[in-house]
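What follows is a single structure, written as structure tokens, with notes after it.
The values are calculated or read from the model by the stated rules, or taken from the named source; none is laboratory data. These figures come from a predicted structure and were not determined experimentally. Using ideal geometry, Cβ is built from the backbone for each residue, glycine included, and neighbour counts are taken over all protein chains shown. Only protein heavy atoms, including side chains, enter the accessible area calculation; ligands, DNA and RNA are left aside. Shrake-Rupley method; radii C 1.70, N 1.55, O 1.52, S 1.80 Å.
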Amino acid sequence: MASIEISKLNITEIYRLMISAIVPRPIAWVSTIDGTGQTNLAPFSYFNAVSSTPPSLLFCVTRKPDGSKKDTELNILETREFVVNSSNEWNLEMVNESSAPYPHGVSEFAKVGATPAASSLVKPPRVLQAGVSMECKLLDTLQVGQGNLGSSLIIVGQIVAMHVRDDLLINGEIDFEKYKPLSRLGGQLYGMNTASIEKPRGVVK
Ligand SMILES: Cc1cc2nc3c(=O)[nH]c(=O)nc-3n(C[C@H](O)[C@H](O)[C@H](O)COP(=O)(O)O)c2cc1C
């Protein structure tokens, strides 16, 4: 077994090792607007659920290679609202294309062909093609690291409304087979065609 002392690795080596070890990661496809109403859309795989009381989720925005903040972070800090849209297999091209570093003021919605649909309780639009969209209000942030390359802002959002495509909602749950969630793996790999198995929870013996 290889035992790796992390302090001996450089930033790129750490990143490559971590993102190939912590898999599969779900992908939040986050839509935001700035103070002028300009929309923005980008994928984030440092993403997960936090609590159901309050209903909340988190995702993490790292710095750009030049150390500056990404549009998603700037917009959320300015407007305190965002929408997490699901990344489904049928949206793979759009999700991937929306990660391109378009300058502030250029909307990825138009560039990748995502259709904006009105949200009900927040200003940023949701993506019509997403199977699920979760409207969020900013609950909290936590800066991890010094704001340099590789450091991250954890963004915690309270889910205030959800939109689910009719055929995906079965008895109050999202149907996994139809949902076809994309995940992020190491390198430039996406995970898809996920197999599943049903097992009751472990019991104390
Ligand atoms: C599948 C995928 C997952 C990504 N996950 C993250 C992430 O968790 N955090 C992050 O800061 N950037 C992540 N990125 C890169 C951002 O999407 C990219 O930097 C994007 O340009 C940010 O857009 P913005 O400046 O409009 O906010 C990911 C890219 C891809 C393709």
Checklist line | Top of GLU73, GLU177, GLU13 by mean-square fluctuation, Gaussian network on the chain, Cα under 10 Å | finding: GLU13
Next item on the list: Within the set of other residues whose C-beta is less than 9 Å from the C-beta of ALA42, count the net charge using Lys and Arg as +1 and Asp and Glu as -1.
Entry: -1
Item checked: Cα-centre dipole for segment 88-205 with unit charges at Cβ (Lys and Arg positive, Asp and Glu negative), debye to 20 -> 300 debye
Notebook entry, point to check: Points 7 angstrom from Cα along the Cβ direction at ALA2 and ILE14: gap in nanometres?
Noted result: 1.8 nm
Item checked: Residue-span extension gain [LYS111 to ASP175] - 0.36 nm each, minus C-alpha spacing -> 20.0 nm
Item checked: Per residue solvent-accessible surface (Å²) - segment 27-185, probe of 1.4 Å -> 48 Å²
Item checked: Alpha carbon convex hull of segment 115-177, projected area averaged over orientations, nm² -> 6.4 nm²
Note to self: Tell me the Kirkwood radius of segment 94-205: reciprocal of the mean inverse pair distance over distinct alpha-carbon atoms, in Å.
What the structure shows: 17.5 Å
Item checked: Distribution of pairwise C-alpha distances over segment 75-157, 5 Å bins, in % -> 3, 13, 19, 22, 23, 14, 5, 1
Item checked: Pair VAL204, THR36: separation of 7 Å Cα→Cβ label points (nm) -> 6.0 nm
Notebook entry, point to check: Taking +1 at the Cβ of each Lys and Arg and -1 at the Cβ of each Asp and Glu, which of PRO43, SER120, ASN171 sits farthest along the dipole of segment 27-185 towards its positive end, judged by Cα position relative to the Cα centre?
Noted result: PRO43
Check: Given that compact globular proteins tend to follow 2.2 N^0.38 Å, what is the ratio of the alpha-carbon Rg of the chain to that value?
Finding: 1.06
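Is segment 15-116 rounded, prolate or oblate when judged by the Cα gyration tensor, a ≥ b ≥ c being the square roots of its eigenvalues, rounded requiring a/c under 1.5 and prolate requiring a/b larger than b/c?
Rounded is the answer for segment 15-116, as its axis ratio a/c remains below 1.5.
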Next item on the list: With an 8 Å cut-off on Cα pairs and a minimum separation of 6 or more residues, tell me the relative contact order of segment 27-185 in percent.
Entry: 28 percent
Notebook entry, point to check: Reachable lysines from LYS199, Cα under 29 Å, same-chain residues fewer than 8 places away excluded?
Noted result: LYS178, LYS180
Notebook entry, point to check: Among LEU58, TRP29, SER99, whose Cα lies farthest out toward the positive end of the dipole of the chain, if unit charges sit on the beta carbon of Lys, Arg (+1) and Asp, Glu (-1)?
Noted result: LEU58
Item checked: the chain - charge dipole about Cα centre, Lys and Arg +1 at Cβ, Asp and Glu -1, debye rounded to 20 -> 440 debye
Notebook entry, point to check: What does the charge add up to near SER196, with Lys and Arg as +1, Asp and Glu as -1, over the other residues with Cβ less than 15 Å from its Cβ?
Noted result: -2
Item checked: Reachable aspartates and glutamates, given that their alpha-carbon falls under 16 Å from the alpha-carbon of LYS111 and they are not under 8 places away in the same chain -> ASP71, GLU93, GLU97
Note to self: Taking a ≥ b ≥ c as the square roots of the Cα gyration tensor eigenvalues, with a/c under 1.5 meaning rounded and otherwise prolate when a/b beats b/c, else oblate, which class fits segment 35-82?
What the structure shows: oblate
